[in-house]
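These notes are about the structure you will find just below.
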C-alpha cells in the first residue's frame, strides 16, 4: 500500500513540476514521496521475515519451524552461533583431549563419524546435534573431556554455540530453553 502511495505522489510531483509549474505543489508532493518511501522501508524492515543462509534455512524448516519457532526468533538464536567448517578427515573432537563443556553444535551439511578406541560407533547426519550428550552431562567449568573422537567423513558445515552465549540466550528466552531440552534429550 505504501509503495502505491509513493508512486502516486511521485506522479503528482512530476505533474506539479513539469506541467503545472507550481513550486508549492511540487514541494509538498516531494515531501510526501520522501515520507512515504521512508515509512514503507521501515515497515518492510520490521515485518518482513529475516533472510537466512541456505544451510540455516534448511535447519529452520526441518527442525525449528515444525516446533512453531518464528523465523525472527530462530535468526536471533542462530546469530549467537558461528558457522564452522570441517574438511574431510579433520577432527571435531579427539577422545580424552578435547574439552567437553565449551560448546554445543548442530551439523548442517556433511557427515561425521563417531569412534571410541578406533571402534566405529555411529554417524552424525545433517540436522543432528554433534555433542548433545556432552552438553547434557557437563556444566560450566567441568574438567571433563570427550570420550569419543568425532571425525568428518566429508566436508562439513555446522552451527556452533559457545556455552556462555547459548546459556545467556536460554536465560532470556525460556521458550528456547524448553525447546533445547526437548530436542537434545
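Please treat every number below as a calculation from the coordinates, not as lab data. Please read these numbers as outputs of a predicted model, since none were measured by experiment. Using ideal geometry, Cβ is built from the backbone for each residue, glycine included, and neighbour counts are taken over all protein chains shown.
Observations
- Ranking of 6, 116, 21 by count of other Cβ atoms within 10 Å, fewest first: 21, 116, 6
- Of the residues 4, 107, 86, the one with the fewest other Cβ atoms within 10 Å heads the list, and the complete ranking is 4, 86, 107.
- Computed over region 2-47: relative contact order in percent, which uses C-alpha pairs under 8 Å that are six or more apart: 47 percent
- With the helix formula -39500 (n - 2.57) applied to DSSP H stretches of n ≥ 4, the chain reaches a computed 222 nm mean residue ellipticity of -13000 deg cm²/dmol.
- If you take the Cα centroid of region 110-185 and the Cα centroid of region 19-67, the two points sit 38 Å apart.
- Net lengthening on full extension, residue 5/residue 87 (0.36 nm per residue, minus Cα-Cα): 24.3 nm
- Ranked packing of 166-173, 127-134, most packed first, by mean Cβ within 10 Å: 127-134, 166-173
- Candidate values (1) 1.07; (2) 1.59; (3) 2.12, label of the one derived for Cα Rg over 2.2 N^0.38 Å: (2)
- Extending 7 Å from the Cα toward the beta-carbon at both residue 127 and residue 177 defines two label points whose distance is 2.8 nm.
- Fewest-first ranking of 75, 103, using other Cβ atoms within 10 Å as the exposure measure: 75, 103
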